[in-house]
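The values are calculated or read from the model by the stated rules, or taken from the named source; none is laboratory data. A quick note: this is a predicted structure, and the numbers were derived from the prediction, not measured. Note: ideal-geometry Cβ built from the backbone for every residue, glycine included; neighbour counts use all protein chains shown.
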Amino acid sequence: MIWKDLLKKIKVFKDLSSEEINLVEKLVKERVYDAGTKVIKEGEPCTEFFICIDGELIIQINVPGRGAITTRTISDRSIFGWSALTNIPHYGALVVTNKDSKVLVFSGAELKKLFEKHPRMGYLVMRNLIDVVSSRLQDIRFGLASCITDYRKT
């Protein structure tokens, strides 16, 4: 397999041992998407976890009365579809390729099964996932605060 070195550099997997990375690597699949492809549709069942390894994707949420709003741009080594590692039943956003993109894909069910067999690994990945999600929520919070401030100025 060829993904071991890259997987070690992904934030959610950074604390795993070589043996644990080998187990994760066995589950990975590679996919290539053309620009403009909807990789994840908001509201569809959470089944897959992704890592962008080349290209660029945008995460959008649908705001009633406003349409789609981009909340984040995803590029090299960034994760998306993390809800597939939780008990959240449906994706909460649309993910579209902004450029031709190559991603690594994992079955959320297979990863969760692996984490149940290897609790240490599951703990480390989920701890690191919380750090990533927390950072993203903070970015959204700052963006929202900026919007509110700008709105009050008008």
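Screening VAL103 against (1) over 22 Å from LEU137 (Cα atoms); (2) at pLDDT below 95 leaves a single unmet condition, (2). Checked against (1) at pLDDT 95 or above; (2) on the phi < 0 side of the Ramachandran plot, ILE69 passes all but a single condition, namely (1).
Within the range 37-60, the set of residues being more than 24 Å from TRP3 (Cα to Cα) and among the hydrophobic types (A, V, I, L, M, F, W, C) comprises just one member, ILE59.
Apart from one condition, GLY65 fits all of (1) over 21 Å from SER134 (Cβ atoms); (2) not in a loop (DSSP other than H, G, I, E, B); the exception is (2). Return yes when GLU19 is at pLDDT below 95 and either basic (Lys, Arg) or out of contact with any Lys or Arg (no Cβ under 9 Å at 6 or more places or on another chain) (or both) and no when it is not. No; evaluated as a whole, the condition is false for this residue. Taking the criterion of being more than 18 Å from THR47 (Cα to Cα), in a loop (DSSP other than H, G, I, E, B) and not charged (D, E, K, R), the only residue of the range 79-102 that qualifies is ASN98. In the set (1) aliphatic (A, V, I, L, M); (2) assigned to a helix (DSSP H, G or I); (3) modelled with pLDDT of 95 or more, LEU137 fails one condition alone, (3). If you check ILE79, ILE69 for being closer than 21 Å to ALA35 by Cα and free of Cβ contacts under 8 Å to residues at least 40 places away in the same chain, only one passes: ILE69. Within the range 22-33, the set of residues being surrounded by 13 or more Cβ atoms within 10 Å (Cβ to Cβ), within 21 Å of LYS112 (Cβ to Cβ) and within 18 Å of the chain's Cα centre (by Cα) comprises VAL24, GLU25, LEU27, VAL28, ARG31.
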